[in-house]
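Everything below concerns the one structure shown next.
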Amino acid sequence: MNVLIFIENNLASSISLRYICKQSQKVSMFIQPIHVEEPTQGHFQFGAGWVRKTWERTLVDTTKDEIETFLKAEAGNCRGLTKVKILVGDKEKELQKEIEGGFYDLFVMGHLSSFDSSMFYELIKGSFLKKLSTPVLLVKNLTPFEKVHILLDEYMDIEKLIPFYLKLYENAQVNVSLVYYNFSENKEVNINDGSENKKIQLAKELLMDRGISPAEILEIEGSPEVVGDRLKSSGMVVSMLNKKGRKRPISDVLASTPVPVLIIWD
Amino acid sequence: MNNQQMSILILDDEPIVTKRLKPSLEKKGYYVETFTRSIDAITRFKQRPFDIVITDLKMEGIDGMEFLTEVKEMRPETEVIVITGFATMDTAKESFQKGVLDFLAKPFRLSEIHEAVAKAEKKIKEKKAQN
Amino acid sequence: MRILVAVDTNPYSSYVVNEVGKMAINTWSDITLLGILDPKKSTGKVEESDLAKSLLDFREIITSYYPKGECPYSREEIKSFSQIKDDVYVATGKGGLKTLKIVIRKGINPVQEILNQADEDESTLIVLGCNKTNKCKWDDMDVPSKVANQASCSVLVVKENKTPKQIVCCLDQEYITQNSLELINQMVTLYNAELKIVGVAEGESLKMRVENTMKNLFMYYLKQDIPLWLEVINSSVFPNFVHQMSQDNLIAIWLGPKSFLKKFFPDEKITTLISDAPSSVLLLR
């Protein structure tokens, strides 16, 4: 798997880097760290041409030292981690260009867990992720990568979600569980085994076809916050979101759960 | 170090703890050596005996319980004071079964350590007087 | 660890003693059980007061947590109190590896008496209880919240016998003391609870100093191999967050004198937090 991870010298990046390095112990991956240095106002006042190029080169060199020190401290011994790419320019545009031209299977970034979901939605609905077709892994906390929960709902294209997940993580030595979510405002959750649910059964078959037997299958009804909290035992929650159309309760579950979230775009 | 001076070995993997304890005990007239790794502490203990050992229980990669067991086996007359940031009923019980003199849960005041050390010193002196 | 347990004769005080009993069995702390007598209301002998009888019962409760022969505290029967200075009476049994003493102070201001005792004992932690149905008052006096506001050491206000799911620590940008971290660690161990560190963001992002503190804590707990949840919240929703979190969790708030959180939690809000929170509150210093 080709992974692009966005790195800054901050807590969110520290967590995301440590987390992806944990994943790389269980899934074979090539991890490309990338940092985009945004020039502050006035940096380019010297004009264009070689002056600008020289200035950019100086900025890259200075930043490179800082980010390389950060990478060494946070992930000194990380399987699959390669040398950092440092770019100068607009963060979103440069990342976009790199993703489009780099044949990446997954984009990873740190996004600290937040009490109110607005920070999550700002990111999800923001211009950067909106343009992205690559799956995005938002690392909110450093969790052990031992269990994966695939979160489903009635609107989801199961035949698209499961193969996408398998393309990335088929060979990962982790327990995979299927969780089908039904919205309610109730703080108490209702749980059943999902045996009557066609979408769950289809997801199960698709996994079984590839020799993955789900560790747990459940259909759960409750408020997004309560269900999000119940997913805390997971090492990663995988789900599918639609960039267009109405917001679905499942996105509130993804917003409120404190564990890393892998979003596959519909 | 004079002949009467009590010697203390402190082992805690958090330097902030050893830094805090060393000067306060030296001020009281004790000879103090501090260690943040049990391997270094045990090596030093083998080189020279200490009257009192103050050790943490939970340290990165090492077990303070093993360290105090080894200390007690090598030199039973050494008095051991356990300090721990993650106290449990079992660790308290096990510590006393292994013959420690006192068990202090963190956070502690320096006066608590001073009292525990004074208690250890008194006991050592009483034993010496008996012999 | 030295724990000062301030009690009265109301039922919530027995909750407190039970919580302290659980703490003591893990930590083998030195414990002072403190009761305050109003000199106007109590003219007889101190040992004959209802308070003295309750304190002796509470001592029994704490020692009863240990099997015979394993109790670090003296179990010797206490028959009398000795007056150690004006209006201060102490009772303790002989022997014991650790101290469990009963102190009765006569005074008209219970808050001041508790603070004085904490200073004299050099207490690490003051524990006191209150009833969540009467705004956490002691006979119409705001004793718990005033002690929480004025004490120089950490204060735990216990509302009920409930094991918290999480210890939710709301971060200050100030220097986090080793003592307060160690107290948190003991609480996490005691309740076998999850630990959550919350950074309060102002505006768009986390203030740099809060983020640095969060990062330091993240590294500290990583080294200790203790699982940790990190969360950020916007300052505008902080009071809501605290209220919601305090339903099932133990809220721990760092409140130094120059605390950034003091902006959200001035003294009167601490009083509100303590009186309104459904579960226990720990104020760290």
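The values are calculated or read from the model by the stated rules, or taken from the named source; none is laboratory data. If you're wondering where the values come from, they're calculated on a predicted model, not measured in any experiment. Glycine gets a Cβ as well: all are built from the backbone with ideal geometry, and neighbour counts include every protein chain shown. Heads up: the accessible areas ignore ligands, DNA and RNA and are worked out on the full protein's heavy atoms, side chains in. Shrake-Rupley method; radii C 1.70, N 1.55, O 1.52, S 1.80 Å.
A few comments on the model shown:
- Members of segment A:138-169 that are over 25 Å from A:Lys125 (Cα atoms) and open to solvent by 60 Å² or more (accessible area, probe 1.4 Å): A:Pro144, A:Glu146, A:Lys147, A:Lys167
- Qualifying position, being on the phi < 0 side of the Ramachandran plot, without any contact (Cβ under 8 Å) to a residue 40 or more places away in the chain and open to solvent by less than 60 Å² (accessible area, probe 1.4 Å), among C:Ile78, C:Ile84: C:Ile78
- Listed by position, the strands (runs of 3 or more DSSP E) inside segment A:193-266 whose residues that are within 19 Å of the chain's Cα centre (by Cα) number at least 1 are A:236-241, A:261-265.
- Where A:His149 falls short, out of the listed (1) not assigned by TED's automatic domain parsing to the domain that holds A:Leu206; (2) not in a loop (DSSP other than H, G, I, E, B): (1)
- Test: residue in segment C:166-187 that is touching a strand residue (DSSP E or B) at 6+ places or on another chain (Cβ under 8 Å), in contact (Cβ under 8 Å) with a residue 24 or more places away in the chain, open to solvent by less than 10 Å² (accessible area, probe 1.4 Å) and in a loop (DSSP other than H, G, I, E, B): yes
- Residue-level analysis places C:Val200 among those that are more than 9 Å from every other protein chain (Cβ to nearest Cβ) and surrounded by 16 or more Cβ atoms within 10 Å (Cβ to Cβ).
- Summed over segment C:4-22, residues that are surrounded by fewer than 24 Cβ atoms within 10 Å (Cβ to Cβ) and within 13 Å of chain B (Cβ to nearest Cβ) total 2.
- Members of segment B:82-104 found to be of a type in the set (A, V, I, L, M, F, W, C) and under 14 Å from B:Thr55 (Cα atoms), listed by number: B:Val82, B:Ile83, B:Phe86, B:Ala87, B:Ala92, B:Phe96, B:Val100, B:Leu101, B:Phe103, B:Leu104
- Residue within segment B:28-38 that is of a type in the set (Lys, Arg) and closer than 28 Å to C:Tyr66 by Cα present: no
- Annotation: of all residues in segment C:204-243 being at the interface with chain A (Cβ under 8 Å from one of its Cβ atoms) and part of a helix (DSSP H, G or I), the one that is farthest from A:Glu122 (Cα to Cα) is C:Leu222.
- Checking A:Lys204, A:Lys198 one by one, the residue that is in the same structural domain as A:Val259 (by TED's automatic domain parsing) and more than 18 Å from A:Val238 (Cα to Cα) is A:Lys198 and no other.
- Selection from segment B:111-128 of residues that are at the interface with chain C (Cβ under 9 Å from one of its Cβ atoms) and over 14 Å from the mean Cα position of the chain (by Cα): B:Ser111
- The single condition among (1) more than 30 Å from A:Glu92 (Cβ to Cβ); (2) away from every other protein chain (no Cβ under 14 Å) that A:Leu161 does not meet is (1).
- Any chance A:Ser118 is surrounded by fewer than 19 Cβ atoms within 10 Å (Cβ to Cβ) and away from every other protein chain (no Cβ under 14 Å): no
- Sole exception among (1) modelled with pLDDT of 90 or more; (2) open to solvent by less than 10 Å² (accessible area, probe 1.4 Å); (3) touching a Leu at 6+ places or on another chain (Cβ under 8 Å) for B:Lys119, by number: (2)
- Only a single criterion out of (1) surrounded by fewer than 22 Cβ atoms within 10 Å (Cβ to Cβ); (2) at pLDDT 90 or above; (3) not in a helix (DSSP H, G or I) is not satisfied by B:Asp13, namely (2).
- When A:Lys130 is tested against the conditions (1) assigned by TED's automatic domain parsing to the domain that holds A:Pro260; (2) touching a Lys or Arg at 6+ places or on another chain (Cβ under 9 Å); (3) open to solvent by 50 Å² or more (accessible area, probe 1.4 Å), the lone failure is (1).
- Scanning segment B:46-56 for residues that are crowded, with 16+ Cβ neighbours inside 10 Å and either in contact with a Leu (Cβ under 8 Å, 6 or more places away or on another chain) or not in a loop (DSSP other than H, G, I, E, B) (or both) turns up B:Phe50, B:Ile52, B:Val53, B:Ile54, B:Thr55, B:Asp56.
- Any hit, segment C:264-279, residues being open to solvent by less than 10 Å² (accessible area, probe 1.4 Å) and modelled with pLDDT of 90 or more: no
- Criterion violated by B:Asp56 - all others in (1) more than 10 Å from chain C (Cβ to nearest Cβ); (2) out of contact with any Gly (no Cβ under 7 Å at 6 or more places or on another chain) satisfied: (2)
- Any chance A:Val108 is open to solvent by less than 10 Å² (accessible area, probe 1.4 Å) and within 14 Å of chain C (Cβ to nearest Cβ): no
- Checking every residue in segment A:63-73 against the condition of being within 19 Å of A:Met29 (Cβ to Cβ) and open to solvent by 20 Å² or more (accessible area, probe 1.4 Å) gives zero matches.
- Residue check for A:Asn141: within 14 Å of chain C (Cβ to nearest Cβ) and under 30 Å from C:Glu231 (Cβ atoms): yes
- Unique residue being farther than 15 Å from C:Leu97 by Cβ and in a strand (DSSP E or B) when the list is C:Leu56, C:Leu34, C:Leu51: C:Leu34
- Among residues of segment B:25-45, those that are among the polar types (S, T, N, Q) and either in a loop (DSSP other than H, G, I, E, B) or surrounded by fewer than 16 Cβ atoms within 10 Å (Cβ to Cβ) (or both), counted: 2
- Filtered residues of segment A:252-265 (kept if open to solvent by 10 Å² or more (accessible area, probe 1.4 Å) and more than 14 Å from chain C (Cβ to nearest Cβ)): A:Asp252, A:Trp265
- Segment A:225-251 - residue that is within 14 Å of another protein chain (Cβ to nearest Cβ) and in contact with a helix residue (DSSP H, G or I) (Cβ under 6 Å, 6 or more places away or on another chain) and, of those, nearest to A:Asn175 (Cα to Cα): A:Gly228
- Residue in segment B:78-85 that is within 14 Å of chain C (Cβ to nearest Cβ), surrounded by fewer than 22 Cβ atoms within 10 Å (Cβ to Cβ) and in a loop (DSSP other than H, G, I, E, B) present: no
- Residues that are touching a residue at least 24 places away in the same chain (Cβ under 8 Å), among the aromatic types (Phe, Trp, Tyr) and within 26 Å of B:Arg48 (Cβ to Cβ), drawn from segment B:59-114: B:Phe67
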